[in-house]
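Every read-out reported here was derived from the displayed coordinates using simple, explicitly stated rules and does not represent laboratory data. All values reported here derive from a predicted model rather than from experimental measurement. Using ideal geometry, Cβ is built from the backbone for each residue, glycine included, and neighbour counts are taken over all protein chains shown.
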Amino acid sequence: MADEPKIYKVESDDGTEIDAVPASELEALKTQLKEKDDLLNKEKEKERNFEALRKSKEHEEDEKKKVESDAGVLATRLLTLEKEREDAQAREKTQFDARNKESFSAMSGGDKDLEGKIEFFFGRFAGDISTEQERQERLENAYLLAKRKPMDNANFSRGTSASGSSYVPSPKADTFDNTPEGIEFAKKLGLKYVNNLKK
């Protein structure tokens, strides 16, 4: 601690005794006071900085909590939307299947065997259906496949090779050209039959 200043007793103009400090010591006291004020101001500045830092950290924590809360809300909303989408798809599929069942039944005219065949062929086509027109086309194709007559074995054996590839009778083959089976087979293939190709 600094030395205590020397205090002198002096008499004022009215005769009262007062304490007085010499001017040189008064300047030293002022310098000490200024240094202490500076030091105090620095401490106050540090305290303000710490307070600002504390507030900044609190603000960051608040922001972090808000972001986490918002993320939780968004995640919940996303799960809700996903569930709603799945429910909508399930409802749409149920309605789609019900419409198809009605169509199978209507197209078969009450014939359960034909209805089963239409449903079978309808399910065998690849790809998704995105429009009602595509659904109608698929129904029509399934109906045509379900209504077709199976080939008899005699014509089938002539119509395919051992490898399974299609066989079209050669116009030069006398034994096949002139047979009723050959003519019938050509008609089934949609070909026009010409009898005299060898000429």
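With all pairs of separate Cα atoms included, region 22-84 yields a Kirkwood hydrodynamic radius of 16.3 Å. Size descriptors for region 89-142, from the alpha-carbon set: Rg then Dmax equal 10.9, 31 Å. Computed from the alpha carbon atoms alone, the convex hull of region 68-112 holds 35 Å³ per residue.
Given +1 at the Cβ of Lys and Arg, -1 at the Cβ of Asp and Glu and no other charges, the dipole of region 22-84 around its Cα centre is 60 debye to the nearest 20. For GluC sites (Glu not before Pro), no site in region 18-99 is both called loop by DSSP and has at most 13 other Cβ atoms within 10 Å.
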